[in-house]
Amino acid sequence: MKEIHEWRHLFKLDPNKENDDTLLEAVCMSGTDAIMVGGTDGVTLDLTLDLLSRLRRYAVPCVLEVSNLESITPGFDGYFIPSVLNSKKREWIVGLHHEAIGAYGDYIPWDDLVAEGYCILNPECKAALRTEAVIPKTIEEVVSYAQLADQLFRLPVVYLEYSGTYGDPELVKRVTEKVEHATVFYGGGIETAAQAREMAARSHVIVVGNALYTNVKLALSTVKAAREVAKPV
Ligand code: 1GP
């Protein structure tokens, strides 16, 4: 697997959605840097294992974005652990993490873990509702979350999450300009090559999820598009 800071594009597959073999083949052969498995609702161990075993027919790296403790399983190339920095609830920032370490501490493969500092920016998305996210009102507030993640906590990933809606390119640009160490992920509403180019020019990694389930052909075009534009420093 490439280092995260070398990535440009990810597809996110939801185990709780219809992932037929044609879709999986297309996604796995698309040239994306990795497949991220994750979702907000209905992610179970059975669904996660089923998807993992079918993805493993292909050489593409697969990582799990952990959304609950029940569906964690060995076999992924990495484990992404979100901390929702703008959640009102302690459990989504450090609480569940603390609990998991208490329960599984000795068995955790620490070197395979990647912490993500999430800032949720779409008030309507499921993750925002679930975590009771307090949506920043200004770009400056988002930049402060990003610096908190990047400079203070030294988290390897800053994740700007607009899940389900296309975000503000200016905001993404301003955040990436201010981040010095972390890799900036942008996710939300990317459906076309033009949108992929716009966000890939303003973030380090773009994440494409929902479009796979609505227009797979257009979604696949985002892989090449992300590599057509210069990566911000
Ligand atoms: C969701 O950031 C990802 O967690 C991608 O968002 O599903 O809107 O593409 P979309």
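Some points to look at:
- Within a Gaussian network of the chain (alpha carbon springs, distance under 10 Å), most fluctuating of THR48, THR183, THR214: THR214
- The residue among VAL205, VAL63, LEU24 whose Cα reaches farthest toward the positive pole of the charge dipole of the chain, with charges on the beta-carbon of Lys, Arg, Asp and Glu, is VAL205.
- Surface composition of the range 4-227: carbon and sulfur atoms hold 53% of the protein heavy-atom accessible area at a 1.4 Å probe.
- Here the chain is treated with +1 on each Lys and Arg Cβ and -1 on each Asp and Glu Cβ, and its dipole about the Cα centre works out to around 540 debye.
- Electrostatic dipole magnitude of the range 174-213 [Cβ: Lys, Arg +1; Asp, Glu -1; Cα centre; debye, to 20]: 60 debye
- Candidate lysines for bridging to LYS217, where Cα separation is under 30 Å - those fewer than 8 sequence places away on the same chain excluded: LYS2, LYS12, LYS17, LYS126, LYS173, LYS231
- Each pair of Cα atoms in the chain enters the Kirkwood radius, and Stokes-Einstein at 20 °C and 1.002 mPa s then converts it into a translational diffusion coefficient of 122 µm²/s.
- Accessible-area ranking of TYR186, TYR166, largest first, probe 1.4 Å: TYR166, TYR186
- Between the alpha-carbon centres of the range 77-129 and the range 1-76 there is a gap of 17 Å.
- Contact order, relative form, for the range 110-163: 53 percent (alpha carbon pairs under 8 Å, 6 or more residues apart, mean separation divided by residue count).
- Beta bridges by DSSP in the chain, antiparallel share as percent, to the nearest 5: 5 percent
- Normalising the average separation of contacting C-alpha pairs (under 8 angstrom, six or more residues apart) by the number of residues puts the relative contact order of the chain at 18 percent.
- Overall form of the range 103-231 per C-alpha gyration tensor (a/c, 1.5; a/b vs b/c): rounded
- Highest mobility in the GNM of the chain, judged by mean-square fluctuation with C-alpha springs under 10 Å and restricted to GLY75, GLY167, GLY39, is found for GLY75.
- Gaussian network model of the chain, springs between alpha carbon atoms under 10 Å - residue of TYR58, TYR159, TYR145 with greatest fluctuation: TYR58
- With all protein chains kept in place, the per residue accessible area of the range 13-132 amounts to 49 square angstrom at a probe of 1.4 angstrom.
The values are calculated or read from the model by the stated rules, or taken from the named source; none is laboratory data. Owing to the predicted nature of the structure, the values given are computational and were not obtained by experimental measurement. In this analysis, Cβ positions are derived from the backbone assuming ideal geometry, glycine residues included, and neighbour counts consider all displayed protein chains. Accessible surface areas use protein heavy atoms only, side chains included; no ligands, DNA or RNA. Shrake-Rupley method; radii C 1.70, N 1.55, O 1.52, S 1.80 Å.
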